[in-house]
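Just below is one structure, and these are the notes that go with it.
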């Protein structure tokens, strides 16, 4: 089975009833690749420094591809995770609102996944269907049942079970993508306070991120279930809504044509 990025986006949106476009994230480490992207892709740039999760608003809600750099990233947690600065005293102090003391804050920060210092050139985020390069990761803002379906199809496709989450302080969107890229593993994690306040996760969405290499196998697994069972619903095979979310799947709530 060979699907385009547009085809995979269409299948994911239709079968899982996603609220937002899946976000294709690409990390640029090569100048030549970055210049080709600029020449061949229609993209937007932040007008002023914003958070990484604010970049993703344009991708998931407006269908725009955004190219961001160190100069346009206004979130110190993302700057640290992307390898655009090293750990410093200010970063440690910023985590004292969550941690017991400075020693714990520094230890927690050092346990986060971080891209190699100074290696990253830029980051693009855009709707999956418009991707012009293989995504480094794909980020879904989705509800609990949609996330469950994605996890199940991912685990079956990649033969990985159980799936373990990697949740870090102050870095769900940015840190979640860095983790999946570096570990080549999916990640399921809640919104951090920053992505809630700045990233507009107003529906209580949960984050599901998978490595780019796992995208096609996961979508193919979803579509295989559809062919074999009549739909992509796990809770009630044959129903076109994921989870058949009708009064806790009461068997008495059934309708027939008159």
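Fully extending the segment from residue 165 to residue 29, taken as 0.36 nm per residue of separation minus the present Cα-Cα distance, adds 46.3 nm.
Taking the Cβ of each residue in 161, 149, 20 as the centre, tally the other Cβ atoms inside 10 Å and list the residues starting with the fewest.
On the way: 161 11, 149 22, 20 19.
Fewest-to-most ranking of 161, 149, 20: 161, 20, 149.
The angle between the Cα long axis of helix 52-62 and the main principal axis of the chain comes to about 40°, on a 0 to 90 degree scale. Can you tell me how segment 1-72 classifies by the Cα gyration tensor, rounded, prolate or oblate, using a/c under 1.5 as the rounded cut? The shape class here is oblate.
Taking the C-alpha atoms only, the angle from helix 31-40 to the longest principal axis of the chain is near 50 degrees. Relative to the longest principal axis of the Cα atoms of the chain, helix 5-16 runs at roughly 60 degrees. Dividing the summed -39500 (n - 2.57) terms of all DSSP H runs of n ≥ 4 by the residue count of the chain sets its mean residue ellipticity at 222 nm at -11500 deg cm²/dmol.
Length gain on complete extension for the stretch residue 196 to residue 38, per 0.36 nm per residue less the alpha carbon to alpha carbon distance? Walk me through the numbers on the way to the answer.
Values: separation 158, 0.36 × 158 = 56.88 nm, distance 3.04 nm.
Fully extending the segment from residue 196 to residue 38 adds 53.8 nm.
Counting only DSSP beta bridges with both residues in the chain, the antiparallel share comes to about 90 percent. The mean sequence distance of close C-alpha pairs (under 8 Å, at least 6 residues apart), as a share of the length of the chain, puts its relative contact order at 23 percent. Label sites at residue 156 and residue 85, each approximated as a point 7 angstrom past Cα along Cα to Cβ, lie 4.5 nm apart.
Take the Cα of residue 3, step 7 Å toward its Cβ, do the same at residue 183, and the gap between the two points is 2.5 nm.
Relative contact order for segment 77-197: what is it in percent, counting Cα pairs under 8 Å that are at least 6 residues apart? Show your work: numbers first, answer last.
Numbers: 112 pairs, mean separation 33.3, N = 121.
Once normalised by length, the contact order is 28 percent.
Spatial offset of segment 82-96 relative to segment 119-159 amounts to 27 Å, using the alpha carbon center of each.
None of the figures in this text is laboratory data; all of them are computed from the coordinates on show. All figures in this text were calculated on a predicted structure; none of them were measured in a lab. Quick reminder, even Gly has a Cβ in these numbers, built from the backbone with ideal geometry, and neighbours come from all protein chains shown.
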